[in-house]
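Structure record follows, encoded as structure tokens.
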Amino acid sequence: MPTDQGAPARAALVTGCSSGIGRATALALHRAGHRVYATARRPEDLAELTALGPRPLALDVTDEPTMVAAVDEVVRRHGAVTTLVNCAGYGLSGTVEEERLDAVRDQFETNVFGLARLTQLVLPGMRAQGHGTVINMSSIFGRYAVPGGGFYHASKHALEALSDALRLEVAPFGIRVVLVEPGPVRTRFGARYVAGLHPAAGGSPDPGSHPPGENGPYGDFRRRSAAYYEAVFHGGRRSLAGSLVVSPEDVARVVLRAARARRPRARYRVGLLARTTVGMRRVLPDRAFDVFVRRQFPVP
């Protein structure tokens with residue numbers, strides 16, 4: 001039996017709350033009246049956030065015992081997770097030819113498999129109570145891809161497919177599944193993404209196949225890409241993307257709208273860049289969209 005019987009039946013579990021979109025989302029949901037459980041691998045990273053109201057829980061989406069423990073805690077107090085917001089994730093950058101496959105596996109463990117397992121853990125409770133909302137943080141790069149981010153973009157494409165299937169599977173039980181698709185967001189995500197693009201970060205699963213990194217075939221592309229995304233994520237306006245970057249709070253407001261909607265949309269795009277480029281991808285032939293990508297993004 002839940003021990004928090006007097007609490008609103010709107011228990012929200014949010015992943016990736018140590019910074020960025022997860023932190024902003026947890027705070028927005030709390031201020032809107034949800035009983036929010038903010039999670040991170042290290043609960044000490046949540047001290048500033050939980051001082052504002054959300055409750056901290058340890059949760060690592062690559063470690064099942066922590067996921068089980070977190071869900072069990074919410075179920076013990078409230079009977080079920082009412083809203084799950086899957087924000088935890090990171091962006092692996094680098095070329096398809098040079099990237100190490102162990103790094104690719106780690107990317108999918110966090111961005112896809114961990115998210116899928118946590119969703120599996122909350123669904124029985126949602127189904128038993130007859131309602132619930134799963135909100136998955138995707139990206140404009142879940143709808144198209146550009147050079148230098150193929151494996152990260154592939155993880156978001158996988159998330160889009162998983163969410164489309166799940167939405168239809170759980171609809172009869174009163175459970176809604178929502179994708180949020182922001183464009184570039186000014187968070188610490190950008191620093192890791194940029195670091196992976198520097199020529200020194202180049203690597204190869206088969207070092208004898210080509211010279212990686214600084215002297216490899218993609219060295220110049222990596223340098224230009226690192227400079228481009230550095231400008232995007234740190235406020236530069238030298239590109240279309242840099243002039244249209246959004247904030248974590250912009251994304252959190254959209255998540256809140258989806259969480260509170262009686263009939264949420266399947267997808268919410270965040271920012272003008274997301275709305276325009278995803279719309280272009282839907283209507284333009286592949287060759288025409290490739291021309292757009294070559295003009296707006298670094299290419300080898």
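The numbers here are math on the coordinates, done by the rules we state, and not lab data. Given the structure is predicted, the values throughout are model-derived calculations rather than measurements. So basically every Cβ, Gly included, is an ideal-geometry build from the backbone, and we count neighbours across all protein chains shown.
Annotations for the structure displayed:
- Across the range 254-267, rounded Karplus estimates of 3J(HN,Hα) from the backbone phi angles (6.51 cos²θ - 1.76 cosθ + 1.60, θ = phi - 60°) give 5, 4, 4, 4, 5, 5, 8, 6, 5, 10, x, 6, 5, 9 Hz, Gly and Pro being marked x.
- In nm, spacing of pseudo-spin labels at ARG105 and ARG224 (7 Å Cα→C-beta vector): 3.4 nm
- Using the Cβ-Cβ distance between THR276 and ALA195 with R0 set to 41 Å, the FRET efficiency works out to roughly 0.90.
- An ellipsoid equivalent to the range 1-100, defined through the eigenvalues of its Cα gyration tensor, has semi-axes of 27, 15, 11 Å when rounded to whole angstrom and sorted largest first.
- Phi-derived couplings, Karplus 6.51 cos²θ - 1.76 cosθ + 1.60 at θ = phi - 60°, listed residue by residue for the range 13-29: 10, 10, 9, x, 8, 5, 6, x, 5, x, 4, 5, 5, 4, 5, 5, 5 Hz, with x used for Gly and Pro.
- Matching label, Kirkwood radius over Cα pairs in Å computed from the structure shown, candidates (i) 19.0; (ii) 19.9; (iii) 21.6: (ii)
- When MET137, MET126 are arranged by Cβ crowding within 10 Å, least crowded first, meaning fewest neighbours, the order is MET126, MET137.
- Packing-based exposure ordering (other Cβ within 10 Å, fewest first) of LEU123, LEU13: LEU123, LEU13
- Our helix-only sum for the chain, with -39,500 (n - 2.57) per DSSP H run of n ≥ 4 divided by its residues, gives a mean residue ellipticity at 222 nm of -14000 deg cm²/dmol.
- Less than 5 angstrom separates the built amide H of ARG267 from those of LEU179, all sequence-distant by 5 or more or on a different chain.
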